[in-house]
Amino acid sequence: MSGLIQEMLTRRSVRKYKPDMLPKETIEKIIEAGLYAPSGMGRQPVIILAVTDKKVRDQLSKLNAGIMGADGMDPFYGAPVVLVVLADKSVPTYMYDGTLVMGNLMLAAHDLGIGSCWIHRAKEEFEQKEGRELLKSLGIEGDYEGIGHCILGYADEPAKEAAPRKENRVYFVE
């Protein structure tokens, strides 16, 4: 089995992180892999907001927790890095393209020994006034939709075993 397929079969979502910051070079390698995800017609409508600033990370966490009705909880599980994936809504394939970026980010993180997890509610965060103002304050303009947050950090717990695969999910037409 190839190394890539093995990475795909062994990647798991991490929900408990050490507070240690990742080296910038590691974050950049993960982001580069995300930027090489396929996109419809090669349009590349996805941008990545790499958040390592604790104040901004905590602001996003608070917005996210509010959306899920869990004020005071950290939906980022203590991860020190949040990669926010945003996609240009004027591109017909923006949602699919952003999803492929998220997948590449998580696989690249796993390959480098870094824990990751896809955290939802980015769409709702950046539909709120505070989320739009944050993007504007960072110089990000355009009609972007939040696809997801790829949280990154060093895992503070062992990886869980994969759940058994459900049956009857593949149908061959020969």
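Annotation: amide H-H contacts under 5 Å for Ile147 (H modelled 1.01 Å from N, sequence separation of 5 or more, or interchain): Val85, Leu86, Ala87.
Per-residue Karplus couplings for the range 71-79, computed as 6.51 cos²θ - 1.76 cosθ + 1.60 with θ equal to phi - 60°, are listed in order as 3, x, 8, 9, x, 9, 6, x, 4 Hz, Gly and Pro entered as x.
Once every DSSP H run of n ≥ 4 in the chain is given -39500 (n - 2.57) and the sum is divided by its residues, what mean residue ellipticity at 222 nm do you get, rounded to the nearest 500 deg cm²/dmol?
So the calculated ellipticity at 222 nm is -11500 deg cm²/dmol.
Put a dot 7 Å past the Cα of Ser2, heading toward its Cβ, do the same for Gln59, and the two dots end up 4.2 nm apart. Which shape class, rounded, prolate or oblate, goes with the range 48-142 when its Cα gyration tensor gives a ≥ b ≥ c as root eigenvalues, a/c under 1.5 marks rounded, and past that a/b bigger than b/c marks prolate? It comes out oblate by the Cα gyration axes. Taking GluC sites (Glu not before Pro) across the range 56-160, the ones in a DSSP loop with at most 12 further Cβ atoms lying within 10 angstrom of their Cβ are Glu141. Surface analysis of the range 62-174 yields an accessible area of 58 Å² per residue, using protein heavy atoms and a 1.4 Å probe. Classified by the C-alpha gyration tensor, the range 5-58 has an oblate form. Its axis ratio a/c, with a ≥ b ≥ c, is 1.5 or above, and a/b does not exceed b/c. Backbone amide hydrogens, once placed in the peptide plane, bring Cys117 within less than 5 Å of Val14, Ile151, excluding anything fewer than 5 places away on its chain. Across the chain, how many lysine pairs, 8 or more apart or on two chains, come within less than 19 Å at their alpha-carbon atoms? Taking the Cα cut-off of 19 Å, the pair count is 19.
Membrane-span-like helices in the chain, defined here as complete DSSP H runs extending at least 15 Å along the helix axis by their C-alpha atoms with mean Kyte-Doolittle hydropathy no lower than 0.0, are 94-111; this is a sequence and geometry rule, not a statement about a membrane.
Taking K and R as +1 and D and E as -1, what net charge do the other residues with C-beta under 11 Å from the C-beta of Ala50 add up to?
Overall, the nearby charge balance is 0.
Given +1 at the Cβ of Lys and Arg, -1 at the Cβ of Asp and Glu and no other charges, the dipole of the range 39-128 around its Cα centre is 80 debye to the nearest 20. The protection proxy used here, the mean number of other Cβ atoms lying within 10 Å of each residue, ranks peptides 30-39, 114-123 as follows, highest first: 114-123, 30-39.
Roughly how many percent of the accessible protein surface of the chain is carbon and sulfur, given a 1.4 Å probe and a whole-percent answer? Mind showing how you got there, number by number?
On the way: 5650 of 10580 Å².
About 53 percent, which is the carbon plus sulfur part of the accessible surface.
When the Cα gyration tensor is reduced to axis lengths a ≥ b ≥ c, the ratio a/c is 1.5 or higher for the chain, and with a/b not above b/c it is classed as oblate. The mean sequence separation of alpha-carbon pairs under 8 Å and at least six residues apart, normalised by the residue count of the chain, gives a relative contact order of 32 percent.
The values are calculated or read from the model by the stated rules, or taken from the named source; none is laboratory data. All of these numbers come straight from a predicted model, not from anything done at the bench. Here the Cβ is made from the backbone with ideal geometry for all residues, glycine too, and neighbour counts use every protein chain on show. These area figures cover heavy atoms from the full protein model, side chains too; ligands, DNA and RNA do not enter into them. Shrake-Rupley method; radii C 1.70, N 1.55, O 1.52, S 1.80 Å.
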